[in-house]
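Nothing in this text is a laboratory measurement; each read-out follows from the coordinates by a stated rule. It should be emphasised that the depicted structure is a prediction, and the values quoted were computed from it without experimental measurement. As a convention, Cβ positions derive from the backbone with ideal geometry for all residues, glycine included, and neighbour counts pool all protein chains shown.
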Amino acid sequence: MSEPILTVDHLSFGFRNQQLYQDLSFQLNVGSMTSLVGPNGVGKTTLIRLLMAQL
């Protein structure tokens, strides 16, 4: 197994009286591929912005 390049532990986030994530945990490893898929409005862009420290 390769080294982790991103580890998220127990992420919770919400706004406008709506909880988007509660206790979200995951790890991405060097050389792995992943995708972020879901319907409009579920928080995909918000998650990316959180990971990039833009929120």
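At-a-glance table
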quantity: Complete set of residues in region 27-44 that are hydrophobic (A, V, I, L, M, F, W, C), over 17 Å from L6 (Cα atoms) and surrounded by 10 or more Cβ atoms within 10 Å (Cβ to Cβ); calculated: V42
quantity: Conditions (1) in contact (Cβ under 8 Å) with a residue 12 or more places away in the chain; (2) in a loop (DSSP other than H, G, I, E, B); number of the one not met by S25; calculated: (2)
